[in-house]
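Inspection log for the structure reproduced underneath, given as structure tokens.
The values are calculated or read from the model by the stated rules, or taken from the named source; none is laboratory data. The model shown is predicted, which means the values in this text are computed figures rather than measured ones. All Cβ positions, glycine included, derive from the backbone under ideal geometry; neighbour counts span all protein chains shown.
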């Protein structure tokens, strides 16, 4: 709705018209949240991809999150550290994220890409090279398996016996497992002769198939692609031949170790330094975009950030040149702020700042000033929301309100309608004075546009977004069990089922009975060493006992100490189990109060929760309510990290208690936490006839006496407090 009001204004039309021809226009006056709303409107109006350049990754992430909430498909193209020297165990996560974005751009799956200036100015794989090394596979397609393997090697994939991360593939008979950088799960290709018989995703932990796939898209796994080792060695030798004098000597020194590794048939890991040799015509992210809406957001911040980045980068490259790791000709990996200014002249560009400030490096074609103001996020209580809404509606504003989850939006729509507001949940509602449009989702912040008589308000964003939550759904049931060699590193303490506590000392290849295999070397007390086949990894688990790891006592192989320890633990566990059985038997015989099943009010209360519950929240709530409906006392401990949603589970149990005709006490360890819970209760119980009281030093003596009388008379339904609740006068 706000988009339609924006588009009708001369200010917006002037901004949109500036993208008709190359060159930068400057926009002042819009806060960051307002700019996100503007960028989304421009993309939908002009139908062109938006590229937003920011000072840092945090700003890029905020813009991407906001654009997603506004209905766009957006991604962050992050900066990465070039691998210029061999580093044991170096990760490529950021390189895979960049390649994933390039794949989504090539497939036309993005409306917006948000990129820190540092990442935009880093060279990447040229577009033609990227497309040449992409491949789409479908069932029934004839594609020779050996040709597929060769294609994967050329695209930078690493062959493993078993796939355990992105950028890898494995071959087992007629099965080829592949994990492309932009895949959510790895894919399994099953062959029948040279024909692809089936495609399926599979679980990385169990290696079992999940579901069939109609097709898979394989993008490159490296930004610097050389092909096979022979071609790579020839390219490096060719570069050395072209060099002259001291430069040639320096290049021979810088490539010596890598040429030796290539001669043995192995591809070196640190190939980024040869970018200039592989790609004489370097490319950046901009070369992957066709006529984008090019935005430099906070130009002053970008300038300052790049100044710091270029200084840090210069120091790093100078050190590598002095060490001989790099040489002149191998140190051209980045563009500069001057190149960014040139790109802004070539593209249809919008330079955005909060306030008017110098942009001397740009030749501006237009200067646009608009007046807008950031709107604070809504905390969740209806009273404070109405305080924000009423002045806006009185001035004839149309308001779009982002309220979290779909069910939270539905509940808020009912509440506002009951209060007499004109409310709609339709995304296509016709703009009108005083109307409130309620939508699911969150923004970083809201914004009011006086020139359009439109306002956008958002609830606060909490917890993980849907994508991150989906990634966290699959967890290991036994957090200590080892399922992959990546779970441990040399120096870690481990526990062998039969031999006890030892120290992992790495992997060693041994010949046993004529067969060469990989073994895990475990160091025990003294000079004792145990070699465990990697196929028996499940016999080991991480050592997780609390305390100072420097004082861990290693077991001795061949002795009886570990067996005695296990026997003691087993006996103590059996005794504890017997005590628990007797205790639970006595508790089961005790008489409690059976609360009635959930009613309509309970369902309404839970629906008004403004965030999506996690699976664990729903599971814990269901079990607790089942306990409450049984005729004996509940005995349950709810555990969870900070911020996972324990309080909401407790509030649902408290509400069920009140609906069952009983009073509820919520005990908190600190006065501050009691105060926070009290305010949360007031907000969540606002729409229901539930009276909440508090007992702590934050309350005056008079207020505490009123709460005590209310508890005794039954007028206070829920009381929250510190250890004050345990006093004798609380009845």
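Residue 599 - would you say it is surrounded by fewer than 18 Cβ atoms within 10 Å (Cβ to Cβ), touching a helix residue (DSSP H, G or I) at 6+ places or on another chain (Cβ under 8 Å) and within 21 Å of residue 408 (Cβ to Cβ)?
Values: surrounded by fewer than 18 Cβ atoms within 10 Å (Cβ to Cβ): yes; touching a helix residue (DSSP H, G or I) at 6+ places or on another chain (Cβ under 8 Å): yes; within 21 Å of residue 408 (Cβ to Cβ): yes.
Yes; evaluated as a whole, the condition is true for this residue.
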Looking only at region 81-94, decide whether some residue is under 30 Å from residue 430 (Cβ atoms) and either touching a strand residue (DSSP E or B) at 6+ places or on another chain (Cβ under 8 Å) or free of Cβ contacts under 8 Å to residues at least 12 places away in the same chain (or both). no
Looking only at region 352-362, decide whether some residue is surrounded by 15 or more Cβ atoms within 10 Å (Cβ to Cβ), outside any loop (DSSP other than H, G, I, E, B) and not assigned by TED's automatic domain parsing to the domain that holds residue 415. yes
For residues that are within 16 Å of residue 207 (Cα to Cα) and out of contact with any strand residue (DSSP E or B) (no Cβ under 8 Å at 6 or more places or on another chain), scanning just region 125-178, find the one that is surrounded by the most Cβ atoms within 10 Å (Cβ to Cβ). 164
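Here is a yes/no grid of residues against (1) in contact (Cβ under 8 Å) with a residue 12 or more places away in the chain; (2) surrounded by 14 or more Cβ atoms within 10 Å (Cβ to Cβ):
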| residue | (1), (2) |
| --- | --- |
| 628 | yes, yes |
| 631 | yes, no |
| 649 | yes, yes |
| 653 | yes, yes |
| 660 | yes, yes |
| 669 | yes, no |
| 680 | yes, yes |
| 688 | yes, yes |
| 699 | no, yes |
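Can we say residue 325 is in contact with a helix residue (DSSP H, G or I) (Cβ under 9 Å, 6 or more places away or on another chain), touching a residue at least 60 places away in the same chain (Cβ under 8 Å) and not in a strand (DSSP E or B)? So that I can check it myself, show each step before the final result.
Values: in contact with a helix residue (DSSP H, G or I) (Cβ under 9 Å, 6 or more places away or on another chain): yes; touching a residue at least 60 places away in the same chain (Cβ under 8 Å): yes; not in a strand (DSSP E or B): yes.
Answer is yes for this residue.
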Which of (1) under 27 Å from residue 273 (Cβ atoms); (2) more than 22 Å from the chain's Cα centre (by Cα); (3) at pLDDT 90 or above does residue 35 not meet, given it meets every other one? (1)
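Taking the options 55, 79, name whichever one is in contact with a helix residue (DSSP H, G or I) (Cβ under 6 Å, 6 or more places away or on another chain), surrounded by fewer than 21 Cβ atoms within 10 Å (Cβ to Cβ) and under 20 Å from residue 302 (Cβ atoms).
On the way: 55 fails: surrounded by fewer than 21 Cβ atoms within 10 Å (Cβ to Cβ).
Answer to the selection: 79.
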Please indicate, with yes or no, whether at least one residue in region 399-406 is buried (at least 18 other Cβ atoms within 10 Å of the Cβ), under 21 Å from residue 68 (Cβ atoms) and out of contact with any helix residue (DSSP H, G or I) (no Cβ under 8 Å at 6 or more places or on another chain). yes
Output the number of the condition that residue 109 fails; it satisfies all remaining conditions of (1) part of a loop (DSSP other than H, G, I, E, B); (2) within 18 Å of residue 284 (Cα to Cα); (3) modelled with pLDDT of 90 or more. (2)
Some residue of region 563-571 being closer than 29 Å to residue 498 by Cβ and either in the same structural domain as residue 206 (by TED's automatic domain parsing) or surrounded by 14 or more Cβ atoms within 10 Å (Cβ to Cβ) (or both): no
Among the listed residues 643, 592, identify the single one that is at pLDDT below 90, outside any helix (DSSP H, G or I) and not assigned by TED's automatic domain parsing to the domain that holds residue 677. 592
Residue hits (region 263-305; in contact with a helix residue (DSSP H, G or I) (Cβ under 6 Å, 6 or more places away or on another chain) and over 29 Å from residue 109 (Cβ atoms)) are 265, 267, 268, 277
